[in-house]
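Accompanying notes for the structure given below.
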Amino acid sequence: MINQLTVTGDEKALFAVLDEICAHMKSRPGFRSLRLHRSLRSPERLVMVAHWQDAAAHAAASRGPEVQRLFQRLRAEARTEPDVYETLLEG
């Protein structure tokens, strides 16, 4: 899963909710790793890269009212563009 984020609100609030989302996802079956990157040219742009066992595991972890409330709080602080990708080349 790759989520491109553009900070539009309070960055401190954004990082607080990202911490909660990360804790939730880490506790779910199929989670492997997560990294958050910031653009050096455009510091308001972030990219979250999460590795999951498969797309179904990510979909299951993203369901439910608790995590949906977290996503709503995230969208209050940033424009989000999440998508699930498959790996085609690894070096």
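Among residues of segment 36-91 being in a loop (DSSP other than H, G, I, E, B) and small (Gly, Ala, Ser), the one that is modelled with the lowest pLDDT is GLY91. Across segment 1-52, the qualifying residues are those that are in contact with a Phe, Trp or Tyr (Cβ under 8 Å, 6 or more places away or on another chain) and within 15 Å of THR80 (Cβ to Cβ), and the one among them that is most open to solvent (accessible area, probe 1.4 Å) is ILE2. The criterion of being open to solvent by 100 Å² or more (accessible area, probe 1.4 Å), touching a residue at least 60 places away in the same chain (Cβ under 8 Å), of a type outside the set (Ser, Thr, Tyr) and closer than 18 Å to LEU5 by Cβ holds for ARG79.
The values are calculated or read from the model by the stated rules, or taken from the named source; none is laboratory data. Since the model is a prediction, treat every value here as computed from it, not as a measurement. Quick reminder, even Gly has a Cβ in these numbers, built from the backbone with ideal geometry, and neighbours come from all protein chains shown. To get the accessible areas, we keep the full protein, side chains included, count just its heavy atoms, and leave off ligands, DNA and RNA. Shrake-Rupley method; radii C 1.70, N 1.55, O 1.52, S 1.80 Å.
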